[in-house]
Amino acid sequence: MKKLLMVLALGILLIPGIVMAQPPGCSWEGDPIWYYGWGALDRPVYHQPGWDYTDIWAGASVTYDLAWGNYGWTTTCTAIDTFCWHALSFQGWDILGEVVEGDPPMGSPTVMDFGYLGEVWVTITAPCSAEICDYDTVIVWVEYANNAGACDATCGDCTNPDYRASRNWNYWAADTLVLHVVEAPPALYITQDTFTEVDRGQEQAYLAFQLCNGDPCAPETEINYNITSKGHVGGAINTTSSIMVSGGTCGTVYGIIDASLAVECDLDTLMIIAWVGTTYDTCVQVIHVVEPKPVPLFTVPVVTILVLALILAAAVFMRRRAVSRA
């Protein structure tokens, strides 16, 4: 019942172009808006109140940078007022509102001057119980505090939307995001640079491979791997080992090549095979031996420091001579 009442209140907030009478126990001195909504990452920046969509998979999270505030450009409701901002998942998924230091946290009545904005990073996490093709709707909104000082969505809004004629933009007090559950990344996959340059003369050149446990809901898994080279740079390598990787993360392993006797433009190929049970992935990385880039000894910062040091040393020497003569 509480969620139903909240949805009804939000429906009132989203009615276009409406200016309502103040409900009993409410007062409208300011005008709440979402200045940056869900569409801020998709452009146009001020895309409201149109619904925005994104894909997510079970156990994964999405984060948006949002901003809300006291509008302050209307002809009415331009005074200081007390507001709260909220986020609601219709499926009950976890929502974290991480505010920029000094800005108001979610659900906290905050006195805000007109024209002032508060920034927040909103993160929604799909539970591991979410199934492919499930949907969730998440709404963020700003509401007045009532005359008792408590957050109250039934207080409505002074003007919704707020129109800024100079830019032809509407600002709304609420915005909607629809999340669609898709298939999670593979439980095992490898990422790496396909082409890597190695300095001639390196005794131990580390070539990285990322072994990933792509499903955030998967348990920590032991991934076995074997890295081999052709032996065109240094001796041929054949390394077999394993690494523990938590769900939704990657672990780094290395093929180590000896390029101490290599010559410029030598080429070699590293191949990695990773497997868990009967599931496997394989990748190839080409390495190219290049001439080491010389490190300039007398760079501008180094020369500047040396000159300053010489000036200071000369000043100390001259002062000591002046004192000794006295």
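Just so you know, all these numbers are worked out from the coordinates, no wet-lab data involved. Quick caveat, the model's predicted, so the values are computed rather than measured. FYI the Cβ positions are ideal-geometry reconstructions off the backbone, even for glycines, and counts take in every protein chain you see.
Things worth noting here:
- Here the label points at Asp113 and Trp275, each 7 Å from Cα along the C-beta direction, are separated by 6.8 nm in the simple model.
- Loop-resident sites, the stretch 197-276, for GluC sites (Glu not before Pro), counting at most 16 other Cβ within 10 Å (DSSP): Glu203, Glu220, Glu264
- Label point distance in nm, Asn238-His288, each placed 7 Å from Cα along Cα→Cβ: 3.0
- Sorted by Cβ density within 10 Å, fewest first, the residues Ile287, Ile273: Ile273, Ile287
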